[in-house]
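The values are calculated or read from the model by the stated rules, or taken from the named source; none is laboratory data. Every value quoted in this text rests on a predicted model; they were computed, and no experiment measured them. Positions of Cβ are generated from backbone atoms using ideal geometry, with glycine treated the same way; all protein chains shown enter the neighbour counts. What goes into the accessible areas is simple: the full protein's heavy atoms, side chains included, and nothing from ligands, DNA or RNA. Shrake-Rupley method; radii C 1.70, N 1.55, O 1.52, S 1.80 Å.
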Amino acid sequence: MIDVLLYILGILVVVLGIALSIGLHEIGHLVPAKAFGLKVKQYMIGFGPTVYSRTRGETEYGLKAFPLGGYILMEGMYPPESKPYRGPFSKWISEARAEVRKELDPADEDRQFYKLSTWKKLTIMLGGPLMNLVLGVLLIVIALSGIGQMQNSMNINQVYNCVDATADGSCSAGAPLSPAALAGMQPGDVVVAASGTEVGRWDEVIEILNRSPGNATELVVLRDGERVALSITPVFMERQVFGSDNAALMDENGLPVTELRPIIGVQLLPQTQPLPVGDSIGFAFGATGAMLGFILELPQQVYAVAQSTFGFTERDPNGAVSILGVGQLAGEVSSANAPVDTRLASLLLLIGTLNLALFAFNLIPLLPLDGGHVLGAVYEAGKRRAGKLLLKRDPGPIDTAKALPIAYGVWVLLLFTGLLLIFADIVNPIGLF
């Protein structure tokens, strides 16, 4: 019962984190919009029917039934029609323009979005994604430097009698003693030096053992307050290599990357170890770069999920997931058999990574995403500058309302992708364990 409650708690924490992230994303748009004098009619979190709203000044602030999206409604997103448009979807475009420009107060004529300068438009539209970037980096730094990562300590938790011991520590008949058992290492020993060098991390011990394959190395352990020297000759075995994100490394042929590692036959006591802030920031920006690369490969990722969902391939545990899949991962993290601080750090990492995903996703240069508005502002600036140089006149603002069919198409594509990922997470979910 406790595990079920913890699972539900993890889901609720992530849902709340997503709602907060979306709310701050929209504040990233709202603050510069108001600073530039733009009239903002609504600030809404979620989609669907409004469950709560309150008007302060000229802006209605509210919460909708499903807090997994959000928007701000700014005055004058589309310019007035300069000449009649007779192309496809002309009725939709006219209705959308009329809806956006209805009840325009003449006093607000100069407080419309389309009249802003390019740099102001870019500041408003990039404010949301940048808010997610800052929040994502902050949460990752808090998780890794404020709480810490689960790492092997220098404390010996268990000494195995053989190097190929099973999970319960038993060995097959006639198996040779492990190097640790032969050296007289005991549970509770703390490794403090290797080959005359003081060490503080197990990676340093591995590096020193790698220098003398097949030869004995002196390890100094702290036992009952005294330093005890032990002579140990490790066994070298082939092990798979994992990256900094704990994902298995693959070569150009898709095969696992392996290396010879020194094995002495011990289990180390895990501990939470905070990372330096610089390392955490580096990790965050590395994850941001990886997320941008992931977005570029999103069509292939969705195709791969579709193949695995219908049984053609195995599902990639590092592939795309829906909001349902994120909730499932959060539930597994919160109900895992791990220290509370480790589970909290993992949840913060998850929410931080989601913010990095929101940052990268919203930069896609297609309407209705922020990147689409950014592209429109940049295109307009180039067109107006070229017009002034070549035609000696200002061609005026571009009519972004004519791009609404593209926006509708993107919405349909996003809806289809979301439903596919949700279906995949139901019938073929990704698990941590």
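Some notes on this structure:
- Links that overshoot a 31 Å alpha carbon limit, given the list Lys41/Lys83; Lys102/Lys392; Lys34/Lys102; Lys91/Lys115; Lys41/Lys392: Lys102/Lys392; Lys41/Lys392
- The residues of the stretch 91-177 have, on average, 53 Å² of accessible surface per residue, using a 1.4 Å probe with all protein chains present.
- Acute angle (nearest 10 degrees) that the helix 90-101 long axis makes with the longest principal axis of the chain, alpha-carbon atoms: 90
- Formal net charge of residues neighbouring Gly70 (Cβ-Cβ distance under 14 Å; K, R +1; D, E -1): -2
- Residue-wise HN-Hα couplings along the stretch 12-28, as the Karplus relation 6.51 cos²θ - 1.76 cosθ + 1.60 with θ = phi - 60° gives them from phi, are 5, 4, 5, 4, 5, x, 5, 4, 5, 5, 5, x, 5, 4, 5, 5, x Hz; Gly and Pro carry x.
- R0 of 41 Å, Cβ-Cβ distance Ser82-Phe47: FRET efficiency to nearest 0.05: 0.80
- As a fraction of the 1.4 Å probe accessible area of the chain, surface on carbon and sulfur atoms comes out at 62 percent.
- Local charge for Gly127 was computed over the other residues whose Cβ lies under 14 Å away, with Lys and Arg +1 and Asp and Glu -1, and equals +1.
- Label corresponding to Rg and Dmax of the Cα atoms in Å when calculated from the structure given, among (i) 21.9, 71; (ii) 28.6, 93; (iii) 23.9, 75: (ii)
- For Gln273, residues with placed amide H under 5 Å, excluding near neighbours: Gln149, Met150, Gln151
- Computed extension length for Val257-Leu419: 54.8 nm, one decimal, from 0.36 nm per residue of separation with the Cα-Cα distance subtracted.
- Per-residue [θ]222 nm for the chain (sum of -39500 (n - 2.57) over DSSP H runs n ≥ 4, rounded to 500): -15000 deg cm²/dmol
- Under 20 Å from Lys120, Cα to Cα: aspartates and glutamates that are on another chain or at least 8 residues apart: Glu26, Glu75, Asp108, Glu109, Asp110, Asp370, Glu380, Asp394, Asp399
- Relative contact order for the stretch 42-98, counting Cα pairs under 8 Å that sit 6 or more residues apart, in percent: 32
- Val228/Asp3 FRET efficiency (R0 56 Å; Cβ-Cβ; nearest 0.05): 0.85
- Heavy-atom accessible area, probed at 1.4 angstrom with all protein chains present, ranks Cys162, Cys171 as Cys171, Cys162, highest first.
- In the chain, a dipole from Cβ-located charges (positive for Lys and Arg, negative for Asp and Glu) runs towards its positive end, and of Trp119, Met131, Ser335 it is Trp119 whose Cα lies farthest in that direction.
- Antiparallel beta bridges, as assigned by DSSP with both residues in the chain, represent about 90 percent of the total such bridges.
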